[in-house]
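Working notes, structure below.
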Amino acid sequence: MVVPSPAPLRTKKTRALGIPVIDLSLERSKLCELIIKACKEFGFFQVENHGISREIISRVENEGQDFFSKPACEKQRAGPPTPFGYGCKNIGFNGDKGELEYILLEANSRSISERSNLISADPAKFSGAVNDYIQAVRNLACDILDMVAEGLWVPNKSIFSNFIRDQESDSCFRINHYPSINSDNSFFDNHTKTRIGFGEHSDPQILTILWSNNVDGLQILSRDGSWFPIPPDSGKLCVFVGDVFQALTNGKFVSVRHRVLANSIKPRMSMMYFAAPPLNACISHVPQMVSNENLCLYRPFTWEEYKATTYSLRLADHRLDLFKNK
Ligand code: GA4
């Protein structure tokens with residue numbers, strides 16, 4: 001009789017690139033190891049068994065669907081996104097465009113409640129759904145950040161998560177809606193022969209957690225310069241390393257460049273929680289990340305300074321390079 005050998009304890013990989021899919025129900029020490037490996041190799045991973053209930057996710061998905069199905073003039077009442085509110089096609093302040101519409105919100109309950117009057121006919125229902133989701137996803141982000149600190153042997157296990165647990169954390173929340181390809185107006189990139197939903201960029205914050213419906217479009221840029229599609233799966237969440245995490249880890253983690261194509265015959269909806277420090281927080285590498293072999297790569301900066309630089313540049317710019325030590 002052939003006795004099957006026990007399955008090796010390793011991450012399942014998404015086909016092709018080998019992007020890690022980390023099962024969060026695994027034992028903690030293993031999780032720390034897998035998360036660190038993924039952050040170093042890809043600056044990106046997906047998680048399953050993440051503990052955020054389908055109900056919490058569906059409530060926000062439904063709110064998003066209700067909002068985006070309204071006539072354009074009604075949606076415009078919740079805009080323009082300067083920087084928060086409803087936006088359509090315009091991204092940021094410097095001429096970037098994409099084939100999408102979105103709602104961008106500060107991730108704090110007071111500000112969400114205020115905004116929700118312009119977004120929904122039932123503002124309490126909208127803000128309740130969004131606040132519950134943000135609370136759940138923030139806890140998940142904190143858990144992941146604590147496991148990173150543990151895996152990197154940093155003595156203060158909350159060193160990263162404290163930034164986003166802080167009442168003054170400048171985190172934000174976004175719901176993106178990419179219309180289906182059948183819709184009339186296309187934003188077609190003649191060079192790449194693709195319709196760009198959201199152009200290439202890295203996220204400026206510490207960590208991003210993304211949920212999407214089962215419609216494809218998300219791609220990440222691999223270290224060899226090719227784009228890899230991430231198979232959509234509404235049962236999983238995607239986790240992205242942001243620029244600030246790259247600075248905090250002295251370049252041990254690299255923020256992942258990604259983009260979204262809008263080539264699907266079905267509309268894509270995604271929601272992102274961008275975990276950010278408070279504006280006045282000083283971003284400097286954690287001491288354990290610097291040695292004689294790994295010199296200090298970036299000068300210290302505040303999140304306020306970094307954010308101002310981010311908004312003064314284009315979406316695809318490599319803004320962290322401006323903070324490199326000479
Ligand atoms: C990318 C990540 C988040 O979506 C975001 C984006 C922001 C915006 O849409 O207003 C930015 C973009 C993002 C980076 C460069 C600047 C700012 C648009 C833009 C051109 C909300 C963020 O924090 O940075």
Exercise. Angle between the Cα long axis of helix 109-119 and the longest principal axis of the chain, 0 to 90 degrees, nearest 10?
Worked result: 30
Problem set entry | Cα gyration tensor of region 194-314 - equivalent ellipsoid semi-axes, whole Å, descending | 29, 16, 13
Seminar exercise, completed: Env charge @ Val254, Cβ radius under 11 Å, K,R +1 / D,E -1, value +2
Exercise. Can you give the three extents of the C-alpha atoms in region 43-105 along their principal axes, from longest to shortest, in whole Å?
Worked result: 38, 31, 18
For this session: DSSP loop (so not H, G, I, E, B), at most 14 other Cβ within 10 Å: list which GluC sites (Glu not before Pro) in region 240-320 pass both filters.
Result: Glu293
For this session: Mind listing the long-range amide H neighbours of Lys266? Cut-off is under 5 Å, sequence gap 5 or more, other chains count too, H placed in the peptide plane at 1.01 Å from N.
Result: Ile181
Exercise. Pick from Val286, Val137, Val260: which is most flexible by mean-square fluctuation in a GNM of the chain where alpha carbon atoms under 10 Å apart are linked?
Worked result: Val286
Exercise. For Asp216 and Asn94 in one chain, what is 0.36 nm times their gap in residues minus the Cα-Cα distance, to one decimal in nm?
Worked result: 41.2 nm
Exercise. When the chain is treated as a GNM, springs tying every alpha-carbon pair under 10 Å, which of Ala316, Ala141, Ala149 comes out with the largest mean-square fluctuation?
Worked result: Ala316
Problem set entry | trypsin sites (Lys or Arg not before Pro) restricted to DSSP loop in region 26-110 with at most 13 other C-beta within 10 Å | Arg77
Problem set entry | Charge dipole magnitude, Cβ of K and R +1, D and E -1 - the chain, Cα centre, debye nearest 20 | 520
Problem set entry | Among Pro287, Pro179, Pro123, residue whose mean-square fluctuation peaks in a GNM of the chain (springs only between Cα atoms under 10 Å) | Pro287
Problem set entry | 222 nm mean residue ellipticity, helices alone, for the chain (DSSP H n ≥ 4; -39,500 (n - 2.57); rounded to 500) | -9000 deg cm²/dmol
Seminar exercise, completed: Projected area averaged over all directions for the convex hull of the alpha carbon atoms of the chain, nm², comes out at 19.2
Problem set entry | Placed amide H near Ile22: partners under 5 Å, 5+ positions off or other chain | Gln46, Val47, Glu48
Exercise. For region 270-311, what percent of Cα pairs sit more than 11 Å apart?
Worked result: 72
Problem set entry | Lys40 versus Glu168: modelled label distance in nm, points set 7 Å from Cα along the beta carbon direction | 3.4
For this session: May I ask for the angle, rounded to the nearest 10°, between helix 28-41 and the longest principal axis of the chain, with both axes built from Cα atoms and the value confined to 0 to 90°?
Result: 70
Problem set entry | Out-of-range pairs (alpha-carbon distance over 21 Å; input Lys97/Lys125; Lys89/Lys266; Lys236/Lys307; Lys97/Lys324; Lys30/Lys252; Lys125/Lys307) | Lys97/Lys125; Lys236/Lys307; Lys97/Lys324; Lys125/Lys307
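Every number here is computed from the coordinates shown, using simple stated rules; none is lab data. What you see is a predicted model, and the numbers here were worked out from it, not measured in a lab. Here Cβ is always computed from backbone atoms with ideal geometry, including for glycine, and neighbour counts include all displayed protein chains.
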